[in-house]
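For reference, the structure is listed below as structure tokens.
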Amino acid sequence: MDDFGAAMRELRERAEPGVPETGRRVRGLRREELAERAGVSADYVRRLEQGRSHPSAGVVNAIARALRAGRADYERLCALAGYAPSDGQVPHEPGPAAMRLLERFGDTPAFLCDAAWNAVAVNGAWLALAPGAPTGDARDWNVAWRTFTSPLGGISRSPEHVAGFRALLASRLRSASLRYRADASLAALVDDLRTTSRTFDTLWRTPGAPVTPENRAVFGGDLALDGNLLAVPGDDLMAVVLTAAPGSPDAARLAERVAHGSRTAVRVGQPGPG
């Protein structure tokens, strides 16, 4: 067990249980209770405590909030995990390493999102796909807002993939809301989505549906790409990467479409979830 895992277990075992049970013999919170509060799996909590996994900055925040840790204990967890304490706001500025990562994808379309699904940086290959025109809304670069209220015209999905992508967006926003309870802009985004989209409201009120970080979308009517979601832990960002099967007609169409695009990653969007 590493120092972070030991400190996490210590805090869990002296935390107040949410609903005390008759005849309870376990001190503090069970792993399952902590996992539910933090929005992670019980197995992941076990691996953290045993030093077999290293948490992202967002997970550290979620664990600390779930444990109702005081400022001193929270700062100790951050230090043991190698992160600076969060001020309770969604971080949306990609660091130099994240931007270099985006550029390294080269001819592979990719973009970075913060925990509230704001696109904060894109690479040239993504821009070459020309997925749709802006609407002039302040949330044009928020993936969840566009998906549930005004989908990009240049992107289509099968009903199955639409449902899967929507479930993923709602699940990730729920997790972000647990980690960043003090972020008023994030809370406003969730409230507006629940008011505007009945589908989002239903997903929000019925958590627990299985989600997958993989999805498929069709660009321009003829280019099918598989999307994967990768974590960028230090900045609590997500990288959305789009690929085609090697040697497939889609791979050839993708290569043709991005052939003359820039390889430079650029920052985009609005600061903050609103």
Response to the item:
Among the residues of the stretch 227-264, the number that are over 30 Å from C78 (Cβ atoms) and surrounded by 15 or more Cβ atoms within 10 Å (Cβ to Cβ) is 11
Worksheet item: If the Cβ limit is 6 Å and pairs must be 6+ apart or interchain, which residue in the stretch 129-156 that is within 20 Å of L189 (Cβ to Cβ) pairs with which residue that is at pLDDT 95 or above and surrounded by fewer than 18 Cβ atoms within 10 Å (Cβ to Cβ)?
Response: T149/T196
Response to the item:
Listed by range, helices (runs of 4 or more DSSP H) wholly within the stretch 121-238 having at least 3 residues that are at pLDDT below 95, under 30 Å from G82 (Cβ atoms) and among the polar types (S, T, N, Q) are 159-179
Response to the item:
Taking first residues from the stretch 89-113 that are acidic (D, E) and second residues anywhere that are in a helix (DSSP H, G or I), the pairs with Cβ under 8 Å that are 6 or more apart or on different chains are E93/D235; D107/A125; D107/L254; D107/A255; D107/V258
Worksheet entry | Among (1) under 19 Å from L127 (Cα atoms); (2) touching a Gly at 6+ places or on another chain (Cβ under 7 Å), the one test that D235 misses | (1)
Discussion item. Could you tell me how many of the residues in the stretch 75-90 are modelled with pLDDT under 85 and in contact with a helix residue (DSSP H, G or I) (Cβ under 7 Å, 6 or more places away or on another chain)?
Written reply: 4
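Yes/no per residue for (1) among the aliphatic types (A, V, I, L, M); (2) in the same structural domain as V218 (by TED's automatic domain parsing); (3) surrounded by fewer than 17 Cβ atoms within 10 Å (Cβ to Cβ); (4) out of contact with any Phe, Trp or Tyr (no Cβ under 6 Å at 6 or more places or on another chain):
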| position | (1), (2), (3), (4) |
| --- | --- |
| G106 | no, yes, yes, yes |
| C113 | no, yes, no, yes |
| G124 | no, yes, no, yes |
| A133 | yes, yes, yes, yes |
| S150 | no, yes, yes, yes |
| S171 | no, yes, no, yes |
| S175 | no, yes, no, yes |
| L186 | yes, yes, no, no |
Practice prompt. Kindly list, by first and then second residue, each pair from a residue in the stretch 261-273 that is under 23 Å from S185 (Cβ atoms) and among the β-branched types (V, I, T) to a residue that is modelled with pLDDT under 75 and part of a strand (DSSP E or B), limited to pairs with Cβ atoms under 9 Å and residues at least 6 apart or on different chains.
Written response: none
Response to the item:
Per the filter on the stretch 88-109, residues under 25 Å from S53 (Cβ atoms) and assigned to a loop (DSSP other than H, G, I, E, B) are G88, V90, P91, P94, G95
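The values are calculated or read from the model by the stated rules, or taken from the named source; none is laboratory data. Quantities reported herein were computed from a predicted structural model and do not represent experimental measurements. With ideal geometry, Cβ positions are generated from the backbone for all residues, glycine too; neighbour counts draw on all protein chains shown.
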